[in-house]
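In what follows, a structure is listed as structure tokens, so that the remarks can point back to it.
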Amino acid sequence: SQLMQKFLAKEEKFFVQYRYLDALNSDATHIQDRIKKINQRAADMQVAAPVDDAEVLRLKDKIADADEEAEEYEARTREAADVLMEITRVLKRIHMRTEKSNLLKEFRPARRRWELVRQNLKLIKGMSQKKDG
């Protein structure tokens with residue numbers, strides 16, 4: 001039916017955006033690790049011996065670049081999370097409509113996929129709240 005096709009199309013869109021969000025989170029984590037390594041190198045250099053000003057400036061530039069890139073990824077991640085929350089609202093409305101239809105109750109596989117979507121959204125929401133906290 002047309003309602004089921006719309007539901008499946010929105011669900012597919014959700015999974016694509018979820019994979020994109022996951023990739024952004026992975027990139028953000030990688031950038032944060034790079035920042036920690038750079039900061040550690042800078043701390044090690046301060047303890048070991050004085051460093052020339054050019055090296056310090058180069059490291060500060062690298063840190064600033066990495067911070068800027070991490071902030072961009074974080075903003076993109078938040079935007080993707082907002083889109084996913086809107087998709088959640090739409091999917092919940094569709095879910096409520098499908099619950100009322102006797103014809104659609106026979107589509108058990110779609111119902112299982114819906115439960116998976118809900119579980120994934122809860123995980124994403126938890127990840128988003130941890131980052132904001």
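The values are calculated or read from the model by the stated rules, or taken from the named source; none is laboratory data. On a predicted model such as this, the values are computed, not experimentally measured, just so you know. Positions of Cβ are backbone-derived with ideal geometry, glycine not excepted, and every protein chain shown enters the neighbour counts. Side chains are part of the model used for accessible areas, which takes the heavy atoms of the whole protein and leaves out ligands, DNA and RNA. Shrake-Rupley method; radii C 1.70, N 1.55, O 1.52, S 1.80 Å.
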**OP:** Test each condition in (1) at pLDDT 85 or above; (2) open to solvent by 90 Å² or more (accessible area, probe 1.4 Å) for Ala28 and report the one that comes out false.
**Re:** (2)
Subject >> Candidate set: the stretch 96-109, residues that are surrounded by fewer than 16 Cβ atoms within 10 Å (Cβ to Cβ) and assigned to a helix (DSSP H, G or I); chosen: the one modelled with the highest pLDDT >> reply: Met96
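Residue by residue through the stretch 72-98, note down the ones that are without any contact (Cβ under 8 Å) to a residue 12 or more places away in the chain and among the acidic types (Asp, Glu).
Hits for the stretch 72-98 are Glu72, Glu79, Asp82, Glu86.
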**OP:** Answer yes or no: is there a residue in the stretch 51-68 that is touching a residue at least 24 places away in the same chain (Cβ under 8 Å), open to solvent by less than 90 Å² (accessible area, probe 1.4 Å) and of a type in the set (A, V, I, L, M).
**Re:** yes
